[in-house]
Amino acid sequence: MTHPLQSRSLLVVLSVAAFAGLASPLPARATEEPPAVTPCAAKSFKFDKVKAACTEGGRSAAKKLMKGVVKKAKAAGGDVNCKTCHTSLKTFALTKDAHTKLGKWL
């Protein structure tokens, strides 16, 4: 059986520990860095809009621009998707006629 004094001592120790944990200053958070911009694979550009997107926002901005192009083309009745201009969606290599196809919708 536990002695009442031992229980009280344990309660005091736990209370002090809990209070010390709450009263201590919180550790400083590291400043969260914005995610790094993944650069576009292309190094030369035929269209200023694509160059601007790649320069300003990297691959994600270019992808957003291209999705807008696909949406615009589909709204006009075109049968367009990513593979219409890209041979690979991993490397984003272009088809031979990609610039001709893209130029219609930019």
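No lab work stands behind these numbers, since they all come straight from the coordinates. All values derive from a computational prediction rather than experimental measurement.
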- Task: Classify the stretch 48-105 as rounded, prolate or oblate from the Cα gyration tensor: take a ≥ b ≥ c as the square roots of its eigenvalues, call it rounded if a/c is under 1.5, otherwise prolate when a/b beats b/c and oblate if not.
- Result: oblate
- Residue-ordered couplings for the stretch 47-60, obtained by feeding phi - 60° into the Karplus form 6.51 cos²θ - 1.76 cosθ + 1.60 and rounding to whole Hz (Gly and Pro as x), are 10, 4, 5, 5, 4, 4, 4, 5, 5, 7, x, x, 4, 5
- Task: Tell me which residues come under 5 Å, amide H to amide H, from Leu94 once H is placed; ignore anything under 5 positions away on its chain.
- Result: Thr87
